[in-house]
Structures are given as C-alpha cells and as structure tokens.
Amino acid sequence: MNYLVTGTDTGVGKTFITCGLIQAARALGKRWVGMKPFCTGDLGDVEKITAANGYFLPQNRVNPAWFRAPLAPYAAAMVENRVVDVQDVKETYFALAKEFETVLVEGAGGFLVPILNRYDFRDLAVEWELGIVLVVANRLGALNHALLTVEAIRTRGLPLKAVILNHVDESESLAQQTNPAMLAHLLPMPPICLAYGQTDFGEILRALE
C-alpha cells in the first residue's frame with residue numbers, strides 16, 4: 001500500500017516522519033520512496049525527501065509542482081496566475097508507484113488544504129487509493145485537531161493506518177504529558193505512535209504492515 005503522510009496543521013513534522021520512514025524502510029531492504037507532489041514556498045522539505053530517497057530521483061519527480069508563494073497550493077497558484085497541473089502530478093505519482101514497493105506522499109499543510117477549487121488532499125487520497133498516516137503535533141489543542149482530522153478521514157472511507165503524535169518542541173506541558181494516553185483512549189484504532197528526536201521508526205513501520 002502507498003500512503004499519504006498528512007497532518008493536523010502545517011509545521012507538525014510531516015517531513016521528519018516521511019524521511020524517517022523512508023530511511024528505516026530502505027535500511028531493511030525495502031524499496032520505499034517519498035515524494036511531495038505539491039510544494040509551496042521554501043524547497044527545504046523537498047530537499048530532505050530527495051536526500052532520504054538516496055538522491056537517485058531528480059527533484060522534479062520528487063516534487064512535480066512547486067509554487068513560490070508560501071500558501072496552500074490553490075491559493076499560491078491564484079497569486080502567481082498559474083494553473084495547478086494535477087494530471088501531470090498524478091502521472092508522476094503513478095509512474096513511481098509502478099517502480100517502487102511503497103510511495104510515501106507527503107501532503108502540504110493539513111488534510112483539507114485545497115489543491116484546486118473543490119479538490120483537496122482528501123480527494124487526492126481517494127483518487128490515488130492511499131492509506132493515511134496522520135501526524136499530530138504534541139501540544140495543547142492536539143486532541144481537538146486529531147479528532148476532527150480523523151473524522152474527516154473516516155468520512156471519506158480512507159484507511160487510517162497510524163496516528164503519530166510528534167513532539168515538536170522541547171517543552172513538557174501537562175497537555176504534552178497526557179496527550180498520548182488520551183489519544184490512545186479516544187482512538188483505540190489505529191496504533192498511536194510517539195515521535196521524538198530519536199524516534200524508533202521501526203515501530204511505525206510495523207503499524208503500516
């Protein structure tokens with residue numbers, strides 16, 4: 001199965017998780033690859049995924065659609081007076097899906113971020129038949145953001161394979177301490193994985209098997 005690595009918001013650690021999973025899988029001899037089909041603003045995420053892939057894919061295959069404006073893809077295209085070529089991006093993805101065992105597709109921002117008018121990452125996941133890996137920032141508000149996003153995922157009938165609670169800063173608030181147990185209680189399925197600076201990505205890989 002191929003996966004959409006999506007988040008409850010921007011800046012929650014999707015690229016960290018994507019790259020970690022690619023490297024862990026490749027270390028086990030699995031033919032996994034990552035792509036970020038739509039990138040806006042800084043290309044740092046694309047460069048990290050390219051590096052995690054082992055530099056054997058050109059950047060235009062890792063990221064077939066880039067917009068300079070740091071906005072949602074649909075908004076960035078409007079600002080730049082450009083058209084989002086979803087068909088070209090789709091062809092790039094399906095070519096990779098034929099070449100590799102698993103493709104990790106990193107989203108841009110959150111799950112409902114618009115790519116086109118009336119076409120967002122929910123629609124992309126359905127069309128591309130992707131399982132979902134949800135990354136949640138471990139901070140106050142995580143429960144609400146996670147539950148809303150999970151509801152949106154399940155409403156579309158998409159397979160939610162893992163919820164990853166990512167520790168995005170060095171603080172240790174009460175919310176951060178209690179979020180793992182609360183999410184495990186509120187979302188008994190799928191597995192709740194914890195992600196920190198030294199994450200055991202093998203645990204997440206097992207959740208995706």
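Points to keep in mind about this one:
- Once the Cα-Cα distance is subtracted from the 0.36 nm per residue extended length, the Asp169 to Leu194 segment shows a gain of 7.7 nm.
- Helix 86-99 axis versus longest C-alpha principal axis of the chain: approximately 70°, rounded to the nearest ten.
- Across the range 3-208, the fraction of Cα-Cα pairs farther apart than 27 Å, rounded to a whole number, is 26%.
- Among the lysines of the range 3-208, pairs that are 8 or more positions apart or on different chains and have alpha carbons within less than 13 Å of each other number 5.
- A Gaussian network model of the chain, with springs between Cα atoms under 10 Å, assigns the largest mean-square fluctuation among Pro190, Pro58, Pro114 to Pro58.
- In the chain, helical runs assigned H by DSSP with n ≥ 4 each contribute -39500 (n - 2.57); averaged across all residues and rounded to the nearest 500, the mean residue ellipticity at 222 nm is -13000 deg cm²/dmol.
- Ranked Lys98, Lys36, Lys30, criterion: other C-beta atoms within 10 Å, fewest first: Lys98, Lys30, Lys36
- DSSP beta bridges fully contained in the range 3-208 are about 5 percent antiparallel.
- Of interest is the spacing of the C-alpha centroids, which for the range 93-111 and the range 12-31 amounts to 12 Å.
Every number here is computed from the coordinates shown, using simple stated rules; none is lab data. Small disclaimer: the values here were computed from a predicted structure and weren't measured. Glycine gets a Cβ as well: all are built from the backbone with ideal geometry, and neighbour counts include every protein chain shown.
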